[in-house]
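Have a look at the structure below, then the notes.
The values are calculated or read from the model by the stated rules, or taken from the named source; none is laboratory data. All values reported here derive from a predicted model rather than from experimental measurement. Quick reminder, even Gly has a Cβ in these numbers, built from the backbone with ideal geometry, and neighbours come from all protein chains shown.
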Amino acid sequence: MKALVTGGTGCVGSALVERLIEKGFEVRALARKTSNLQHLETTGAKIVFGDVTDYESLRAAADGVDIVFHAAAKVTPGWGTWEEFERTTVRGTENLLKAAVEGGASRFLQVSSYTVYGEACMKGDVPADESTECAVCLTPKTYYDYAKLLAERACWEYHRQGKIKVSMIRIGSAYGPRDRLISDRIYRYAASPIILWPGRGNPRYAIVNSYDIADLAILAATSDKAIGEVYNVACPEPTRLRQFAEAMVRARGGRRIWGSIPFPIAYAWCYLMELVATVRHAKEMPFLNRYFILQLNMECNLDGSKAKRELGWEPKISLEEGTRQYVEWRRAEEAAERAKKAKHSGKV
């Protein structure tokens, strides 16, 4: 069976490529020519160059595949213009749907986000399940969230019209090798001997390892039960965000002193970082921004029981094992970068 994976150089996409190859799929991985292909080249996947914003580049990539796994998106929550999110996440999904249909694919797996629920899973003790209304509104703080919602709607419209069979997963927070969001920030934050936690918040987080997410994505894309269905990606018991940070500290090794910093000060510091990045016309999202700090004090409370009940899926990688894998990967990346710089400077 042939599969196309978008976002193959990212955290979830790269795990999907690996898992699909392990299961005997013939995999094409869509990547931009400017992407870091180092890991992807080791997987055995056929790399096809293209961009979801360029429909013509998708036609050959999707031609003749059976299933499309769409994990690509603009993943810079709280940073960027609406035009950027709309072009990549919304129009990019529409482009890929069209190319998938024209290429003859029968199934389409959309990787979406818990953020489409809006505040429904961010406040209170009742976890959001798949029947919870998607009520996110368009504001400068929710460009990522709203773009994901519009991408979902495009998928369901294609499904409703009978053009392609759609299944969907909604991720809380993914972590694992090649994660440059929550894992990256916690990893760097945990490097300091003194860790100052912003405020007193310690929210529940639906954080799941990328390889477990990939397993669910494949189940949803290949099961007849999952046609037209959406599945939350969450562990049976939610993880507290500080639990994740503490597991990352243990994986890094050494002792840390924990303290706290008043939330208003942390928020103001992030606002300053955003201003500096804006003045410098930085293309990359600041290490910390106001969106990220707000997330440290908001719940990500998801009910993932449907995936177990209908597909038999359960996450298998423990927090200790997952953070250990991330730290090993990160240290290997850092060692390779140091060797590269030393060679460039003539020391090697």
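Numbers below:
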item: Leading residue by the ranking (surrounded by the fewest Cβ atoms within 10 Å (Cβ to Cβ)) among those in region 180-233 that are assigned to a strand (DSSP E or B) and modelled with pLDDT under 95; result: ILE194
item: Those residues of region 134-178 which are without any contact (Cβ under 8 Å) to a residue 60 or more places away in the chain, more than 30 Å from ILE317 (Cα to Cα) and either assigned to a loop (DSSP other than H, G, I, E, B) or of a type in the set (Val, Ile, Thr) (or both), in sequence order; result: ALA135, VAL136, CYS137, LEU138, THR139, THR142, GLN161, GLY162
item: Residue in region 41-48 that is within 26 Å of VAL90 (Cβ to Cβ) and out of contact with any Gly (no Cβ under 7 Å at 6 or more places or on another chain) present; result: yes
item: Test for ALA174: is it buried (at least 17 other Cβ atoms within 10 Å of the Cβ) and out of contact with any helix residue (DSSP H, G or I) (no Cβ under 9 Å at 6 or more places or on another chain); result: no
item: Enumeration of residues in region 83-108 that are out of contact with any Leu (no Cβ under 7 Å at 6 or more places or on another chain), farther than 23 Å from SER35 by Cα and not in a loop (DSSP other than H, G, I, E, B); result: LYS98, VAL101, GLU102, GLY103, ARG107
item: Only one of GLU22, GLU83, GLU18, GLU41 that is of a type in the set (Asp, Glu) and in contact (Cβ under 8 Å) with a residue 40 or more places away in the chain; result: GLU18
item: Identity of the residue in region 146-158, closer than 20 Å to GLU102 by Cβ and touching a Ser or Thr at 6+ places or on another chain (Cβ under 9 Å), that ends up surrounded by the fewest Cβ atoms within 10 Å (Cβ to Cβ); result: ALA154
item: Among residues of region 63-74, those that are among the hydrophobic types (A, V, I, L, M, F, W, C) and either over 13 Å from GLY92 (Cβ atoms) or surrounded by fewer than 20 Cβ atoms within 10 Å (Cβ to Cβ) (or both), counted; result: 3
item: Region 15-46: number of residues that are surrounded by fewer than 20 Cβ atoms within 10 Å (Cβ to Cβ) and either hydrophobic (A, V, I, L, M, F, W, C) or under 17 Å from LEU96 (Cα atoms) (or both); result: 3
item: Some residue of region 281-296 being free of Cβ contacts under 8 Å to residues at least 12 places away in the same chain, part of a loop (DSSP other than H, G, I, E, B), closer than 17 Å to ARG180 by Cβ and basic (Lys, Arg); result: yes
item: Subset of region 308-322 that is over 18 Å from the mean Cα position of the chain (by Cα) and small (Gly, Ala, Ser) - its residue that is nearest to ASP224 (Cα to Cα); result: GLY312
